[in-house]
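Peer 1: Handing you this structure, nothing more for now.
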Amino acid sequence: MLNQDEVMAAARALHAAERERRQIRPVSHTHPAMTMADAYAIQDAWVAIKRAEGRRIRGRKIGLTSRAMQEAMQIREPDYGTLLDDMFFEDGSTIEAGRFTDPRIEVEMAFVLKNSLAGEDLSLTDVLTATDYVVPALEIIAARSHRVDPETGAARTVLDTIADNAANAGIVLGGRPMRPEDVDLRWAGAMLYRNGVIEETGLAAGVLNHPGNGLVWLARRFAAHGISLQAGEVILSGSFTRPVAIRPGDVFHADYGRMGSIACRFE
């Protein structure tokens with residue numbers, strides 16, 4: 001495992017990369033023996049740096065929830081990251097594309113909690129009961145480390161993604177908030193348009209058979225560390241489409257049917 005100095009050095013490097021809008025070498029290429037625990041330790045250290053600078057935690061994100069993505073990354077479980085206050089954008093926003101390194105966009109559902117969630121024996125029913133409402137969301141992901149190392153040609157691993165705060169960069173909430181009992185979330189879906197052309201479509205059942213199962217997984221994982229998902233937090237349950245590249249000038253529109261739609265533009 002990495003020592004504390006190595007963890008902090010990696011966290012500071014990722015923080016500097018984000019601020020300076022440049023990519024760095026994947027951490028796992030510098031530390032080939034690093035573990036998943038090391039990756040989350042780096043993520044935690046980076047979030048602590050941001051909180052010391054005044055950022056507030058507003059929720060969590062769950063990633064790698066689809067079978068296809070897990071197979072691609074050669075893992076058997078999702079990952080998670082932290083949503084901070086400066087990551088949130090309003091529906092219809094114009095967003096600076098250059099703020100992010102190698103940005104992409106994903107289609108998701110966001111759960112807003114009215115009660116906290118904690119414990120290793122939680123069920124999907126517990127998650128739905130604790131949810132105030134579910135609302136459409138677009139997640140902007142970015143890679144602060146190279147997806148492919150320019151020196152070696154090796155791809156970054158899931159450990160690099162986890163250390164990179166699960167590729168968190170931004171979130172746009174929009175559409176129609178709905179109580180979980182008023183919509184069959186497995187069959188809720190969306191069409192993602194880029195500049196008027198449909199790029200991706202999907203159903204939320206692609207997220208662990210029900211998007212709420214992502215919250216079950218996360219709450220159980222946090223329980224081992226005495227952490228709970230807090231009332232008022234926004235929890236991104238995971239993408240049910242492939243990520244689509246973001247370019248300056250792109251306009252995105254996600255149509256969720258009866259759950260409304262979201263739009264944003266990148267300049």
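Peer 1: Condition first: surrounded by 21 or more Cβ atoms within 10 Å (Cβ to Cβ), touching a helix residue (DSSP H, G or I) at 6+ places or on another chain (Cβ under 8 Å) and of a type in the set (A, V, I, L, M, F, W, C). Now tell me which residues in segment 84-112 satisfy that.
Peer 2: Within segment 84-112, MET109, PHE111 meet the criteria.
Peer 1: Give just the number: which of (1) of a type in the set (A, V, I, L, M, F, W, C); (2) in contact with an Asp or Glu (Cβ under 7 Å, 6 or more places away or on another chain); (3) buried (at least 18 other Cβ atoms within 10 Å of the Cβ) does MET191 not satisfy?
Peer 2: For MET191, the failing item is (3).
Peer 1: Just name the residue that is farthest from PRO103 (Cα to Cα) out of those in segment 234-260 that are in contact with a Leu (Cβ under 8 Å, 6 or more places away or on another chain) and in a loop (DSSP other than H, G, I, E, B).
Peer 2: SER237
Peer 1: Looking only at segment 140-160, how many residues end up being farther than 14 Å from ILE24 by Cβ and either assigned to a helix (DSSP H, G or I) or touching a Leu at 6+ places or on another chain (Cβ under 6 Å) (or both)?
Peer 2: So the answer is 2.
Peer 1: Could you pull out the residue among HIS225, HIS210 that is farther than 23 Å from SER93 by Cβ, modelled with pLDDT under 95 and more than 13 Å from the chain's Cα centre (by Cα)?
Peer 2: Working: HIS210 fails: modelled with pLDDT under 95.
Of HIS225, HIS210, the one residue that is farther than 23 Å from SER93 by Cβ, modelled with pLDDT under 95 and more than 13 Å from the chain's Cα centre (by Cα) is HIS225.
Peer 1: Name the residue, out of VAL172, VAL183, that is β-branched (Val, Ile, Thr) and more than 28 Å from PRO248 (Cα to Cα). Working first, answer last.
Peer 2: Values: VAL172 fails: more than 28 Å from PRO248 (Cα to Cα).
Going through VAL172, VAL183 in turn, the sole match is VAL183.
Peer 1: Of everything in segment 157-195, what is under 17 Å from the mean Cα position of the chain (by Cα) and not aliphatic (A, V, I, L, M)? Give them in sequence order. Break it down into steps so the answer makes sense when it comes.
Peer 2: The first filter runs over segment 157-195 and keeps only residues under 17 Å from the mean Cα position of the chain (by Cα), leaving 157-174.
Selection gives THR157, ASP160, THR161, ASP164, ASN165, ASN168, GLY170, GLY174.
Peer 1: Something else about it: Any residue that is over 28 Å from ALA17 (Cα atoms) and either modelled with pLDDT under 95 or of a type in the set (S, T, N, Q) (or both) - is there at least one of those in segment 235-245?
Peer 2: Filtering segment 235-245 down to residues over 28 Å from ALA17 (Cα atoms) leaves 240.
Retained after the next criterion (residues that are either modelled with pLDDT under 95 or of a type in the set (S, T, N, Q) (or both)): 240.
Yes - at least one qualifying residue is present in segment 235-245.
Peer 1: Can you tell me which residues in segment 76-133 are β-branched (Val, Ile, Thr) and touching a strand residue (DSSP E or B) at 6+ places or on another chain (Cβ under 9 Å)? Give the derivation first.
Peer 2: Filtering segment 76-133 for residues β-branched (Val, Ile, Thr) gives 82, 94-95, 101, 105, 107, 112, 125, 127, 129, 131.
Selection gives THR82, THR94, ILE95, THR101, ILE105, VAL107, VAL112, VAL127, THR131.
Peer 1: Please go through segment 81-113 and pick out each residue that is polar (S, T, N, Q) and under 24 Å from GLY189 (Cβ atoms). Talk me through it step by step, then tell me what you get.
Peer 2: First, pick out the residues of segment 81-113 that are polar (S, T, N, Q): 82, 93-94, 101.
Hit for segment 81-113 is SER93, nothing else.
Peer 1: Moving to a separate point now. State all residues of segment 161-185 that are within 19 Å of GLU20 (Cβ to Cβ) and in a strand (DSSP E or B); if no residue qualifies, say none.
Peer 2: Going residue by residue through segment 161-185, those that are within 19 Å of GLU20 (Cβ to Cβ) are 163-165, 167-170.
Of everything in segment 161-185, those that are within 19 Å of GLU20 (Cβ to Cβ) and in a strand (DSSP E or B) turn out to be ASN168, ALA169, GLY170.
Peer 1: Could you run through segment 186-233 and say how many residues are part of a helix (DSSP H, G or I) and out of contact with any Gly (no Cβ under 8 Å at 6 or more places or on another chain)?
Peer 2: If we filter segment 186-233 for residues that are part of a helix (DSSP H, G or I), which is where we start, we get 204-206, 212-223.
Subsequent filtering for residues that are out of contact with any Gly (no Cβ under 8 Å at 6 or more places or on another chain) retains 205-206, 212-213, 215-218, 221-222.
Of the residues in segment 186-233, 10 are part of a helix (DSSP H, G or I) and out of contact with any Gly (no Cβ under 8 Å at 6 or more places or on another chain).
Peer 1: Please pick out the residue among GLN23, GLN4 that is over 27 Å from LEU215 (Cβ atoms), in contact with an Asp or Glu (Cβ under 9 Å, 6 or more places away or on another chain) and at pLDDT 95 or above. It would help to see each step written out before you state the result.
Peer 2: Values: GLN4 fails: in contact with an Asp or Glu (Cβ under 9 Å, 6 or more places away or on another chain).
The conditions single out GLN23.
The values are calculated or read from the model by the stated rules, or taken from the named source; none is laboratory data. The model shown is predicted, which means the values in this text are computed figures rather than measured ones. Heads up, the Cβs are rebuilt from the backbone with ideal geometry, glycines too, and the neighbour counts pull from every protein chain shown.
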